[in-house]
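Just so it is clear, none of the values below were taken in a lab; they were calculated from the coordinates. These figures come from a predicted structure and were not determined experimentally. Cβ atoms come from the backbone with ideal geometry, glycine included; neighbour counts cover every protein chain shown.
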Amino acid sequence: ETGVTQTPRHLVMGMTNKKSLKCEQHLGHNAMYWYKQSAKKPLELMFVYSLEERVENNSVPSRFSPECPNSSHLFLHLHTLQPEDSALYLCASSREITGDSYEQYFGPGTRLTVT
Amino acid sequence: TQLLEQSPQFLSIQEGENLTVYCNSSSVFSSLQWYRQEPGEGPVLLVTVVTGGEVKKLKRLTFQFGDARKDSSLHITAAQPGDTGLYLCAGTNTGNQFYFGTGTSLTVIP
């Protein structure tokens, strides 16, 4: 596979469930990102990892827990979500997190619905 | 506060028409990118501009970075239905912070 892949593509979960989103990049990049995209809102950056270390956490509720075991894989663990968390969750990667190297390559996203 | 404001927010035009989308900020950006996102998919990088006044062309798309590196525009000539999508600008400011714009949703009617 090439580029950035995300699984699952669609997820429906209840508020008491625990699930995980997975992202894998095959581009040899050092940085990975989680974004939330809701209807009629700009892309919201959630987490940034550079060389497997978290470098940014934009006041995201603790019910979202990221994990980056290596530079190719990124997870987003979900538990006790709320209906307003329903959105498209996008993963992206870039070579680095500086200057032009911020060019990001996105996965297709996971469409999450919380019931 | 939204650092990168895009206009218009929504645009619906007939096939064959020309259009321009704007991305504006009060901050200086060291580089700026344009992405296109189709429904149900992630954004796809179209171009990066880094020099004030720079113009880049990608087939029928022309991208310009403002002289002061605070704004950018995307011009599409003879729009096609395949150009339909959400156009996003994004940039890195001089403080090395990265932001996405508010987005312009374009619909090209056959």
Of all residues in region B:49-71, count the ones that are touching a Leu at 6+ places or on another chain (Cβ under 7 Å) and within 30 Å of A:THR5 (Cα to Cα).
4
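Suppose we filter B:PHE98, B:PHE63, B:PHE10 for residues that are without any contact (Cβ under 8 Å) to a residue 40 or more places away in the chain and closer than 21 Å to A:ALA87 by Cβ; which single one remains? Let's see the steps before the verdict.
Working: B:PHE63 fails: closer than 21 Å to A:ALA87 by Cβ; B:PHE10 fails: without any contact (Cβ under 8 Å) to a residue 40 or more places away in the chain.
Every option except B:PHE98 fails the conditions.
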Looking at (1) more than 13 Å from chain B (Cβ to nearest Cβ); (2) over 14 Å from the mean Cα position of the chain (by Cα), which is the only condition A:SER86 fails?
(2)
Which ranges mark the strands (runs of 3 or more DSSP E) fully within region B:17-110 that have 3 or more residues being under 14 Å from the mean Cα position of the chain (by Cα) and within 11 Å of chain A (Cβ to nearest Cβ)?
B:29-37, B:44-49, B:85-93
Just one of A:SER62, A:SER94, A:SER20, A:SER72 is within 14 Å of chain B (Cβ to nearest Cβ), polar (S, T, N, Q) and either touching a strand residue (DSSP E or B) at 6+ places or on another chain (Cβ under 7 Å) or surrounded by fewer than 14 Cβ atoms within 10 Å (Cβ to Cβ) (or both); which is it?
A:SER94
Among (1) in a strand (DSSP E or B); (2) closer than 15 Å to A:SER93 by Cβ, there is one condition A:LEU78 misses while meeting the rest; what is its number?
(2)
